[in-house]
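Taking it in order: structure first as structure tokens, then the write-up.
The values are calculated or read from the model by the stated rules, or taken from the named source; none is laboratory data. Please read all numbers here as calculations on a predicted model, not as lab measurements. As a convention, Cβ positions derive from the backbone with ideal geometry for all residues, glycine included, and neighbour counts pool all protein chains shown.
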Amino acid sequence: MNFNNKRVGVIGAGAMGSAMIRGFLKAGLMQPQDMIASDLRDNALQELKRSTSINITSDNSAVVQRSQVIIFAVKPDQVENTLKEVASSITVEHLVVSVAAGISISTFEKHLPSGVSVIRVMPNVPALIGEGMTALALGSKAGKDDQETAEALFSALGKVLTVQESELDAVTGISGCGPAYMVIILEALADGGVKMGLSRQVALQLAVQTMIGTARMIQATAEHPASLKDRVCSPGGSTISGVHVLENGGLRGLLISAVEASTKRSGELR
Ligand SMILES: NC(=O)C1=CN([C@@H]2O[C@H](COP(=O)(O)OP(=O)(O)OC[C@H]3O[C@@H](n4cnc5c(N)ncnc54)[C@H](O)[C@@H]3O)[C@@H](O)[C@H]2O)C=CC1
Ligand SMILES: O=C(O)[C@@H]1CCC=N1
């Protein structure tokens, strides 16, 4: 079986490239023989081959030749070189997908033969376990079929939204970068528990399940976060004492500034 009779190739098998590959396989969307990945690092490719059995190559053009959907997952500063290397062998039969932060659709369209469909997406690392968040934006040549292909591909990795390309830097600032913010919060909550005498293992388990449970509850009920906070804060109780410390420390302002900084930085990468 392969995905809608389309073979998928990934150029750049690093953190995000390999998370997507593993996510597609885990979701049963395609079989290992229908996937190919290229990278400059032989050890990364060998490890991917060992753990997933997908096809690997050090030759980016082999990915183009053997795939209908080509996902560019190299660092933003490597996109242009990689694109120039393979652009002439890409045809209108291909769908080009880029996950590179900040690299515009027009950069791709400028280098590719005219008529090639491009979709720019911003996934995140929880794609690895099917809990990803992906936003996608359509290039000028991408049609309904291309959108459906990309949505089917990325919905195997979690939730998918279609947005305007102009919104993708802000998407990057929240969900692209967000896993790093979330684990910093988790680690710090666990540190608090350790400071108060809990074992690291117990403290982390408490923090993780609290984050999952709270997020799932907001997702399931669409309750406003402030209303849930109010329900947890008993009058004169322990939560409001902790909330006071967070407000004094400016946690909200810090998180807003973090999203703003990531969004701006993403915009500088193009
Ligand atoms: N790490 C993350 O959480 C997310 C990353 N992204 C985007 O994904 C892309 C990749 O990021 P990461 O996976 O974090 O970086 P990474 O450094 O882990 O992976 C990039 C891979 O590309 C390979 N590479 C470099 N030049 C190459 C070339 N010419 N041909 C083939 N392979 C080449 C590298 O050896 C490396 O394995 C970036 O554009 C980033 O903006 C998007 C969303 C989330
Ligand atoms: O840090 C970065 O630039 C990439 C984009 C989103 C997550 N990681």
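Within the stretch 1-48, the set of residues being within 16 Å of ligand 2 (Cβ to nearest atom) and part of a loop (DSSP other than H, G, I, E, B) comprises Gly12, Ala13, Gly14. Please enumerate the residues belonging to the stretch 53-94 that are outside any loop (DSSP other than H, G, I, E, B) and touching a residue at least 60 places away in the same chain (Cβ under 8 Å). Selection gives Val69, Ile70, Ile71, Phe72, Pro76, Asp77, Gln78, Thr82, Val86. Residues that are more than 14 Å from the chain's Cα centre (by Cα) and of a type in the set (A, V, I, L, M, F, W, C) do occur in the stretch 73-82. One residue stands out in the stretch 217-270 among those that are more than 16 Å from ligand 1 (Cβ to nearest atom) and of a type in the set (Asp, Glu): the one that is nearest to Ala101 (Cα to Cα), namely Glu260.
Residues that are within 12 Å of ligand 1 (Cβ to nearest atom) and within 21 Å of Ser166 (Cα to Cα) within the stretch 75-106 comprise Lys75, Pro76, Asp77, Val79, Glu80, Val97, Ser98, Val99, Ala100, Ala101, Gly102, Ile103, listed in sequence order.
Filtering the stretch 132-145 to residues that are farther than 18 Å from Ala73 by Cα and either surrounded by 20 or more Cβ atoms within 10 Å (Cβ to Cβ) or within 13 Å of ligand 1 (Cβ to nearest atom) (or both) leaves only Ala142. Scanning the stretch 157-170 for residues being in a helix (DSSP H, G or I) and either more than 10 Å from Val121 (Cα to Cα) or within 10 Å of the chain's Cα centre (by Cα) (or both) gives a total of 4.
Residues that are assigned to a helix (DSSP H, G or I) and closer than 27 Å to Gly102 by Cβ: does the stretch 193-202 have at least one? Outline the logic, then answer.
Initial filter on the stretch 193-202 (assigned to a helix (DSSP H, G or I)): 193-195, 200-202.
Cutting the leftovers down to closer than 27 Å to Gly102 by Cβ gives us none.
No.
The residue of the stretch 217-251 that is farthest from Lys159 (Cα to Cα), among those that are over 32 Å from the mean Cα position of the chain (by Cα) and not in a helix (DSSP H, G or I), is Gly236. Candidates are the residues of the stretch 222-270 that are touching a Ser or Thr at 6+ places or on another chain (Cβ under 6 Å) and free of Cβ contacts under 8 Å to residues at least 12 places away in the same chain; the one that is nearest to ligand 2 (Cβ to nearest atom) is Val232.
Going through (1) surrounded by 22 or more Cβ atoms within 10 Å (Cβ to Cβ); (2) farther than 23 Å from Thr107 by Cβ one by one, Arg66 falls short only on (1). Would the stretch 184-194 turn up any residue that is more than 16 Å from ligand 2 (Cβ to nearest atom), surrounded by 15 or more Cβ atoms within 10 Å (Cβ to Cβ), modelled with pLDDT of 95 or more and outside the structural domain of Leu246 (by TED's automatic domain parsing)? No - not one qualifying residue is present in the stretch 184-194. Consider the stretch 100-130 and keep the residues that are outside any loop (DSSP other than H, G, I, E, B) and among the polar types (S, T, N, Q). The one that is nearest to ligand 2 (Cβ to nearest atom) is Thr107. Of the numbered conditions (1) part of a helix (DSSP H, G or I); (2) modelled with pLDDT of 95 or more; (3) under 11 Å from the mean Cα position of the chain (by Cα), Ala135 fails exactly one; give the number of that condition. Of (1) part of a helix (DSSP H, G or I); (2) modelled with pLDDT of 95 or more; (3) under 11 Å from the mean Cα position of the chain (by Cα), only one is false for Ala135: (1).
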